[in-house]
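Student: Provided herewith is a single structure, encoded as structure tokens, for subsequent inquiry.
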Amino acid sequence: MTQEIAQTPKRKLLWQLFSSTFYISMFTFGGGFVIITFMKRKFVDTLHWIDEKEMLDLAALAQSSPGAIAVNAAILVGWRVCGALGMAVAVVGTILPPMIILSVISLFYAAFATNPYVALVLRGMQAGVAAVILDVVCSLGAGVIKERSALSIVLMIAAFLATFVLDVNVVYIILAAALVGVGKILVLRRARKEGAK
């Protein structure tokens, strides 16, 4: 648990968690990858509740778990910050804005569907979403490069090529990376045992 979390009263912590996830979800357009970007900025850069490496791990878990990435990420961040109650608060904060927005849109769907201005706004938002996703890729990728681990850099490049060039399913890429990680741990443990003898 980080020092910032330990020093904050639980009620204030839960309110910050709810208001942060509500705000992030309210202004996130473009899917789960975009919400990961905003969560990183809020929980890593601003509040310092999670470090960058842990956020990268949470993003990978959120993507590989069944369900919406945004909700999965909220579950993991909420659990990390404040246990089961934090998880519930983060999920409620994340799902409320889309429910409210979709309820309002459903009332006026016919007007929205045929409005050319709404179509233009949505097209412009797609360009913004691409920029936000590129931002998080560059930011988290720079963190991997700063580690100066040849294995991590090779895995990152291989995962990119497998997804972008070979169109491999992301689940297989995550499973392969997990196997490489387990293999690395086993090799390091064996080397330590042999070094201790």
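The values are calculated or read from the model by the stated rules, or taken from the named source; none is laboratory data. On a predicted model such as this, the values are computed, not experimentally measured, just so you know. Cβ atoms come from the backbone with ideal geometry, glycine included; neighbour counts cover every protein chain shown. Each accessible area value is taken on the protein alone, full model and side chains, heavy atoms only, with ligands, DNA and RNA left out. Shrake-Rupley method; radii C 1.70, N 1.55, O 1.52, S 1.80 Å.
Student: Mind listing whichever residues of region 131-154 are without any contact (Cβ under 8 Å) to a residue 12 or more places away in the chain and either under 18 Å from Phe29 (Cβ atoms) or not assigned by TED's automatic domain parsing to the domain that holds Leu179 (or both)?
Tutor: Selection gives Ala131, Leu134, Val137.
Student: Looking at (1) modelled with pLDDT of 80 or more; (2) loosely packed, with under 14 Cβ neighbours inside 10 Å; (3) under 12 Å from the mean Cα position of the chain (by Cα); (4) not hydroxyl-bearing (Ser, Thr, Tyr), which is the one condition that is false for Lys42?
Tutor: So the condition that Lys42 fails would be (2).
Student: Let me ask you something else. Outside the structural domain of Phe18 (by TED's automatic domain parsing) and either under 26 Å from Phe43 (Cα atoms) or assigned to a helix (DSSP H, G or I) (or both): is that true of Leu102 in this structure?
Tutor: Judged against the criteria, Leu102 is not a match.
Student: Looking only at region 106-131, filter to residues that are of a type in the set (Val, Ile, Thr) and farther than 21 Å from Val71 by Cα; which one of those is most open to solvent (accessible area, probe 1.4 Å)?
Tutor: Thr114
Student: Among the numbered criteria (1) polar (S, T, N, Q); (2) surrounded by fewer than 12 Cβ atoms within 10 Å (Cβ to Cβ); (3) closer than 23 Å to Lys40 by Cα, which single criterion is violated by Ser149?
Tutor: So Ser149 meets the others, but not (2).
Student: Would you be able to tell me the number of residues in region 131-173 that are closer than 15 Å to Ala60 by Cα and of a type outside the set (Gly, Ala, Ser)?
Tutor: The qualifying residues number 14.
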